[in-house]
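Let me begin by presenting the structure, written as C-alpha cells, before commenting on it.
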Amino acid sequence: MTRIDHKTAIVTGAGNGIGRAMALAFASAGANVVVSDVLVDDGERTVREITEAGGHALFVAADVSDAQQAENLISSAVDHFGSLDILANNAGIGGGRLRLHEVEPDDFDRVINVNLRGTYLCSKYALPHFLAQRDGRILNTASTYGLIGAPNAPAYCASKGAIINLTRQLAVDYGHDGVRVNAICPGYIDTHLGRRGPQLTPEEFEAATAIREKAAGMQPLGRQGQPEEVANVALFLVSDAASFMTGSIVTVDGGCVTTFNYGEASN
Ligand SMILES: NC(=O)c1ccc[n+]([C@@H]2O[C@H](COP(=O)([O-])OP(=O)(O)OC[C@H]3O[C@@H](n4cnc5c(N)ncnc54)[C@H](O)[C@@H]3O)[C@@H](O)[C@H]2O)c1
C-alpha cells in the first residue's frame with residue numbers, strides 16, 4: 001500500500017536532512033523524484049544517491065520563496081516526467097534563538113517567506129495540475145513548534161503554526177477535487193536545521209547541538225529522531241495507504257507534545 005510507483009513527486013529542501021530522506025524513501029517506493037534545493041551540490045548529491053540505487057530523479061534548483069523559481073520548479077517536473085502527483089513542501093529555515101523584540105524585521109520576513117510563502121507558492125503552481133487530473137497529494141512539513149509556544153523562536157513558531165492551519169484550509173477547499181493535503185510535525189530531528197551557513201562559529205554549532213540533545217533527552221523517547229523516521233511517515237501519508245486522510249496534522253516527535261516536560265521533577 002505504500003508503493004507510489006510511477007508517481008512524480010517533488011520534494012523541496014531535498015539536499016539535506018528530512019527532505020533528502022523523503023526523496024530517497026519516495027524513490028525507493030517507486031516514484032520519479034524531483035529533488036529541489038537552493039544548494040546545488042547538495043541537491044545533486046541526493047539525485048546521485050537515488051540514481052545509483054536504481055531510481056529516477058531530477059534536480060531543479062529553486063528558492064521556494066521566489067514566485068518565478070517556484071513556478072519553474074513545477075513546470076520543470078511536469079515537462080520532464082510528464083505529470084505531477086505529489087508535492088512535499090519541506091524546505092524550511094530556523095530563525096535563530098531570539099525573543100521577538102530582538103528579531104530584525106528582515107530576519108522575521110525571511111523565515112516567513114521561506115517557510116510559509118514557499119509552501120503557498122509551490123502549492124499554487126502545483127494545484128492546477130492536481131485539479132486537471134482530479135488527484136494530488138500535498139504534504140507540508142510543519143513542526144511541533146507550530147503546535148506550541150516554544151522559547152526563543154517567534155518567527156519560526158508563527159510560520160509553522162500558519163502552515164498547520166493552511167494545511168487544514170487547503171484540505172477543505174480541494175478535498176472534493178481529489179486532492180489530499182496533510183502535514184507532519186517533526187520534533188527534535190538530528191539535522192543541521194538552524195545551524196547551516198556561515199552565521200554560526202564551530203563553538204556556537206557545538207553549543208546549539210548540546211541544547212538540542214539535552215532538550216530531546218527530556219522527551220518521552222529520550223533522543224533525537226533520525227530523518228528516515230520522519231520520511232517513513234511522509235511516505236505513508238502521500239501513498240494510497242492514507243487514502244482517507246486529509247487535513248491531518250501528524251506528529252513525529254518521540255512524544256514531545258504529548259505531555260508536560262517534567263525535567264528534573266520526573267526522577
Ligand atoms: N530538524 C528538526 O528538528 C525539525 C523539526 C521540525 C520541523 N523541521 C522542518 O523540517 C524541514 C526540513 O528541515 P531539516 O531539519 O531537514 O533541515 P536542513 O537544514 O537539514 O534541510 C533543509 C533544506 O532546505 C533547504 N532550503 C533552505 N531554504 C530554502 C529555500 N528558500 N528554497 C529551497 N530550499 C531551501 C536547505 O538548503 C536545506 O538543504 C524544515 O521545514 C524544518 O522547519 C525540522
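Each reported figure results from applying straightforward, stated rules to the coordinates on display, with no laboratory input. The model shown is predicted, which means the values in this text are computed figures rather than measured ones. Virtual Cβ from ideal backbone geometry, glycine too; neighbours counted across all protein chains shown.
The residues listed here are L139, L235; of these, the one that is away from the ligand (no atom under 13 Å from the Cβ) and either assigned to a strand (DSSP E or B) or under 20 Å from V11 (Cα atoms) (or both) is L235.
Checking D42, D63 one by one, the residue that is near the ligand (Cβ under 10 Å from one of its atoms) and within 20 Å of E228 (Cβ to Cβ) is D42 and no other. Residue-level check: of (1) touching a residue at least 24 places away in the same chain (Cβ under 8 Å); (2) surrounded by fewer than 15 Cβ atoms within 10 Å (Cβ to Cβ); (3) not aromatic (F, W, Y), G54 misses just (1). Do we find that A14 is closer than 26 Å to E204 by Cβ, near the ligand (Cβ under 9 Å from one of its atoms), in contact (Cβ under 8 Å) with a residue 40 or more places away in the chain and among the aliphatic types (A, V, I, L, M) in this structure? When the stated conditions are applied, A14 does not pass them. Against the conditions (1) touching a strand residue (DSSP E or B) at 6+ places or on another chain (Cβ under 6 Å); (2) surrounded by fewer than 16 Cβ atoms within 10 Å (Cβ to Cβ), G217 satisfies every one except (1).
Of the candidates V47, V64, V78, the single residue that is within 16 Å of the chain's Cα centre (by Cα) and of a type in the set (A, V, I, L, M, F, W, C) is V64. Scanning the range 238-266 for residues that are of a type in the set (D, E) and within 16 Å of the ligand (Cβ to nearest atom) yields a single hit, D253.
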